[in-house]
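What follows is a set of notes on a single structure, which appears directly below.
The values are calculated or read from the model by the stated rules, or taken from the named source; none is laboratory data. Computed from a predicted structure; not experimentally measured. FYI the Cβ positions are ideal-geometry reconstructions off the backbone, even for glycines, and counts take in every protein chain you see.
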Amino acid sequence: MQKLTGTLRSYPWGSRTLIPELRGLPSPSTRPEAELWFGAHPVGSSTIQDRALTDIIAADPVAALGSRVYGQYGDNLPFLLKILAAAEPLSLQAHPSAEQASEGFERENRLGIPLNAGNRNYRDPRHKPELVVALTDFHAMVGFRPLDQTLELFAVLACPELDRYLTILDPAAETDSLRGLFTTWITIPSAARRQLIDAVVAAARNRPACGDWISGVLSTVLELQERYPGDIGVLGALLLNHLQLSPGEALYLDAGHLHAYVSGLGVEVMANSDNVLRGGLTSKYVDVPELVRILDFTSLSDPVVTPVDGEYVVPAGEFRLLHSRLTAGEELLVDHDGPSIALCTSGTVTLGDLELSPGEAVWIPACDPACAATSASTGELFIARA
């Protein structure tokens, strides 16, 4: 077990305060600090004493990963753990299933698209399920909202330009209705889309704030229009679930679910993949036909995950995530049969002879024995394991 130095990633949507303040560093930072990665991702591997974790695993993958994980994933650590800090919305996006990723990766290889090309959708043959746990209030748009609620929203807006699309919507055929409406909106000419968005924004501004869920949706619509005027993400916000997570609450995203994180600080764990299909709210490459092809238009009524005995139980095979709040005198046994990364997010936590402060992590290879986690006062610990 050794301390792991994370890789800081700067993206325009990142916060200049959330990660520095968590780590007790000067705030605001000189540039956005969007994500702090802990893992063995090829474009941003963490390090141990200036040696890349990717190299450490490659030197003895069975010792690092254990025979079970090595047999399933080779010498690849199958998960990536992050601290995510959003001051502005991330792109409107979805991730492919394992089958879609494998097919898309092979297809783009046959077409000769370089792995680092800007127009490359599939950079590896893997899927990318992900789980995010809020450390602060965390706002996200996640999955298509049940159609009856969206029809209620449309009725409140009373926008004639929007009502023209009601003929597409049939509550008895919810999935087909959502597919038809979103596909229509994302493919109509940009001038027509801007006119529709202008009308929706005008209607949203005329609706008094009432403190209900509809007011929250319309507030986000207006915010997105200010940041990305005329973007399909403004219309997408009308169709997606808007979640306000409190600290400790989590959401899980499987393949095909359209989403965009809007603001807040969280711990995120995901399968170690780079496959992202974007639809809007970004200056990066957008491939509308491919996004629509991989989307799951089934409504997502409750994407929130509640921990059971400290574990966020999700169907992903690549990772598990455990969460513990330690008090003085309490001891947590950290046992494992594969690789683990333990991350402190508040207080102090002692693992073996290593003391962790917020934002610090340790690498626990499969060959290490079980150890105990304790805190002299209080401490919060997340453990990601394969």
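Of everything in segment 207-263 that is of a type in the set (Val, Ile, Thr), touching a strand residue (DSSP E or B) at 6+ places or on another chain (Cβ under 7 Å) and outside the structural domain of residue 86 (by TED's automatic domain parsing), the residue that is nearest to residue 93 (Cα to Cα) is 232.
Number of residues in segment 336-386 that are in a loop (DSSP other than H, G, I, E, B), of a type in the set (D, E, K, R) and crowded, with 17+ Cβ neighbours inside 10 Å: the value is 2.
Restricting segment 287-303 to residues that are among the aliphatic types (A, V, I, L, M) and at pLDDT below 95, the residue that is surrounded by the most Cβ atoms within 10 Å (Cβ to Cβ) is 300.
The residues listed here are 132, 142, 234; of these, the one that is farther than 23 Å from residue 293 by Cα and surrounded by 15 or more Cβ atoms within 10 Å (Cβ to Cβ) is 132. Among the residues of segment 310-336, those identified as over 14 Å from residue 363 (Cα atoms) and over 19 Å from the mean Cα position of the chain (by Cα) are 310, 324, 325, 326, 327, 328, 329, 330, 331, 332, 333.
Counting residues in segment 111-131 that are farther than 30 Å from residue 359 by Cβ, assigned to a loop (DSSP other than H, G, I, E, B) and of a type in the set (Phe, Trp, Tyr) gives one or more. The set of residues in segment 58-85 being of a type outside the set (A, V, I, L, M) and assigned to a strand (DSSP E or B) consists of 79, 82.
Of the helices (runs of 4 or more DSSP H) lying entirely inside segment 150-212, those carrying at least 3 residues that are more than 23 Å from residue 223 (Cα to Cα) are 174-187. Could you please give the count of residues in segment 1-34 that are without any contact (Cβ under 8 Å) to a residue 60 or more places away in the chain, closer than 19 Å to residue 262 by Cα and in a strand (DSSP E or B)? Qualifying residue count, segment 1-34: 2.
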